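See structure below.
The values are calculated or read from the model by the stated rules, or taken from the named source; none is laboratory data. Since the model is a prediction, treat every value here as computed from it, not as a measurement. Note that each Cβ is placed from the backbone with ideal geometry, even for glycine, and that neighbours are counted across all protein chains shown.
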Amino acid sequence: MRIVAADLLHLRLRLRRPFETSHGRITEKDTVLVRAYADDGSKGYGEAPAFQGPWYDDEYTHAVLAVLRRFILPSVLGRDLDGVGSLEACYGWIAGHHMAKAAVEAACWDLQAQADRVPLHTLWGGTARRIDVGISLGIESDVGALVDLIEESISRGYRRVKIKIRPGWDNDVVEAIRSRFPSLVLMADANSAYRAEDLTLLASLDEYGLLMLEQPFASDDLVQHAALQRRMDTPVCLDESIRSIGDVSTAIELDAARIINVKPARLGGYARARAVAVECAGRGIPVWCGGMLETGIGKAANIHLSSLSAFSLPGDTSGTDRYFEHDVLREPIVVDQNGCIDVPTGPGLGYEIDEPALQKLTIAAKTLRAADS
Ligand code: OSB
Ligand code: MG
């Protein structure tokens, strides 16, 4: 396979509802799409779902665009690729920039799956026909608003709810939600908002029977996560801390996490995400597929990945209708009344792209070509 050209697309999508985490609130989501053209004329899509600012991790929209344009795409364009496995030889020398790399890698997987006429999950060994998903709800102005959102989510079929917490929006909120929804499968995500002195407060969340507590401390502070895990029965889950297989080994060695959030974008692509998931499953650590408020293109690939047997917990792959007014797929991704999404069976991503809609959402575009094509 040879990639002869690629469109680098910067999209801006208005969120249906502002999304607030411990880092602040966003009302629109930027994302970067790579549309890669193979020498046989086929098109593959990949998404780098970084945010406008570097608050989740150190990547952000304009950094993704710059590194793709200056380094990653030039390293790939025009090269003879023996499948996705050859990408490492092209851009393995580039440090970091996992989300940018993940977009190119996903586009290559899409091209390869289309060439083989199989859905992505077949290339990855995924076997589930439908996947369990949940919904991640942001911080609201008051608990009543969050209760309403949870009720609406349950009525739409979601059976696992994640709420965001931060100092001042934690214990009381979890207590109120738990008393209102005694049997709900509930979890909390702090996006690194806590410090060592909060250990006792966090350990007291044990009484609410959470499915897990996600990333309470800084991404580079595994020792603190281990200290908390020693003091609580609720499994600690790591998100931001996990960027490689090595990070998984360190976390397990330290008993800093008993569950891992596998995000292909953060990990640098689907091959690495799959390797992390398989490693975790082999070591008895349940995994689930996280989300980055992706468009349908990113979510579609995540659905295929989630069909691997290692993914034993519901992921943050909600229906496309919950994120944006207008998405980039012709048909929405829908969650059924059992909180499940059907894994598509068509070639590649298995969903059709709505090109006119995609174009309307694009605020900047640049085409890169192989130097010799
Ligand atoms: O930490 O999982 C996270 C959204 C933006 C940044 C970080 C996170 C999230 C979510 C929502 O929790 C996931 C989704 O529904 O895409
Ligand atoms: Mg998280």
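Kindly evaluate GLY24 against the criterion of being on the phi > 0 side of the Ramachandran plot and either hydroxyl-bearing (Ser, Thr, Tyr) or over 22 Å from the mean Cα position of the chain (by Cα) (or both).
So GLY24 does not fit the description; no.
Determine, yes or no, whether VAL173 is more than 20 Å from ASP316 (Cα to Cα), assigned to a helix (DSSP H, G or I), of a type in the set (Val, Ile, Thr) and touching a strand residue (DSSP E or B) at 6+ places or on another chain (Cβ under 8 Å).
So VAL173 fits the description; yes.
Say we look at the range 271-320 and pick out the residues that are of a type in the set (Asp, Glu) and assigned to a loop (DSSP other than H, G, I, E, B); which of these is nearest to GLN215 (Cα to Cα)?
Ranking the qualifying residues of the range 271-320, first place goes to ASP316.
Hey, which of the strands (runs of 3 or more DSSP E) in the range 1-100, taking only ones fully inside, have at least 3 residues that are out of contact with any strand residue (DSSP E or B) (no Cβ under 8 Å at 6 or more places or on another chain), of a type outside the set (Val, Ile, Thr) and within 29 Å of ASP116 (Cβ to Cβ)?
Fully inside the range 1-100 and qualifying: nothing.
In the set LYS29, LYS43, which member is among the basic types (Lys, Arg), more than 16 Å from ligand 1 (Cβ to nearest atom) and buried (at least 17 other Cβ atoms within 10 Å of the Cβ)?
When all the criteria are applied, what remains is LYS43.
Given the conditions (1) touching a helix residue (DSSP H, G or I) at 6+ places or on another chain (Cβ under 9 Å); (2) modelled with pLDDT of 95 or more; (3) of a type outside the set (Asp, Glu), which single one is not true for ARG130?
Failed condition: (1).
SER241: within 13 Å of ligand 1 (Cβ to nearest atom) and closer than 25 Å to HIS23 by Cβ, yes or no? Full working, then the answer.
Numbers: within 13 Å of ligand 1 (Cβ to nearest atom): yes; closer than 25 Å to HIS23 by Cβ: yes.
Here the answer is yes, as SER241 does meet what is asked.
Is it true that VAL335 is of a type in the set (Val, Ile, Thr) and assigned to a loop (DSSP other than H, G, I, E, B)? Full working, then the answer.
On the way: of a type in the set (Val, Ile, Thr): yes; assigned to a loop (DSSP other than H, G, I, E, B): yes.
When the stated conditions are applied, VAL335 passes them.
So GLY315 clears everything in (1) within 16 Å of ligand 2 (Cβ to nearest atom); (2) under 29 Å from PHE71 (Cα atoms) except one condition, right? Which one?
Going through (1) within 16 Å of ligand 2 (Cβ to nearest atom); (2) under 29 Å from PHE71 (Cα atoms) one by one, GLY315 breaks only (2).
Of all residues in the range 81-96, count the ones that are of a type outside the set (Val, Ile, Thr), in contact with a Gly (Cβ under 9 Å, 6 or more places away or on another chain) and within 20 Å of LEU305 (Cβ to Cβ).
1
Is it the case that TYR158 is touching a helix residue (DSSP H, G or I) at 6+ places or on another chain (Cβ under 7 Å), over 23 Å from TYR270 (Cβ atoms) and aromatic (Phe, Trp, Tyr)?
Taking the combined requirement at face value, the residue does not satisfy it.
So in the range 144-168, with the set limited to residues that are hydrophobic (A, V, I, L, M, F, W, C) and out of contact with any strand residue (DSSP E or B) (no Cβ under 9 Å at 6 or more places or on another chain), which one is farthest from TYR208 (Cα to Cα)?
Residues of the range 144-168 that are hydrophobic (A, V, I, L, M, F, W, C), as a first pass: 145-147, 149-150, 154, 161, 163, 165.
Filter once more, keeping what is out of contact with any strand residue (DSSP E or B) (no Cβ under 9 Å at 6 or more places or on another chain): 145, 147.
Values: ALA145: 20, VAL147: 16 Å.
Among them, the one singled out is ALA145.
Going by what's in this entry, would GLY157 be described as surrounded by fewer than 21 Cβ atoms within 10 Å (Cβ to Cβ), within 16 Å of ligand 1 (Cβ to nearest atom) and under 30 Å from THR320 (Cα atoms)? Lay out the reasoning, then the answer.
Numbers: surrounded by fewer than 21 Cβ atoms within 10 Å (Cβ to Cβ): yes; within 16 Å of ligand 1 (Cβ to nearest atom): yes; under 30 Å from THR320 (Cα atoms): yes.
Yes.
Is it the case that the range 169-190 has a residue that's polar (S, T, N, Q) and within 16 Å of ligand 1 (Cβ to nearest atom)?
no
Somewhere in the range 58-80, is a residue surrounded by fewer than 17 Cβ atoms within 10 Å (Cβ to Cβ), within 25 Å of LEU305 (Cβ to Cβ) and in contact with a Gly (Cβ under 8 Å, 6 or more places away or on another chain)?
Within the range 58-80, one or more residues are surrounded by fewer than 17 Cβ atoms within 10 Å (Cβ to Cβ), within 25 Å of LEU305 (Cβ to Cβ) and in contact with a Gly (Cβ under 8 Å, 6 or more places away or on another chain).
Between residues in the range 146-157 that are touching a residue at least 24 places away in the same chain (Cβ under 8 Å) and residues that are surrounded by fewer than 17 Cβ atoms within 10 Å (Cβ to Cβ) and charged (D, E, K, R), which pairs lie under 8 Å by C-beta distance while being six or more apart or on different chains?
Cβ pairs passing all conditions: VAL147/ARG180; ILE150/ARG180; GLY157/ASP336.
Please go through the range 281-305 and pick out each residue that is within 16 Å of ligand 2 (Cβ to nearest atom), surrounded by 20 or more Cβ atoms within 10 Å (Cβ to Cβ) and either over 20 Å from VAL34 (Cα atoms) or more than 11 Å from the chain's Cα centre (by Cα) (or both).
Correct list: VAL287, TRP288, CYS289, GLY290.
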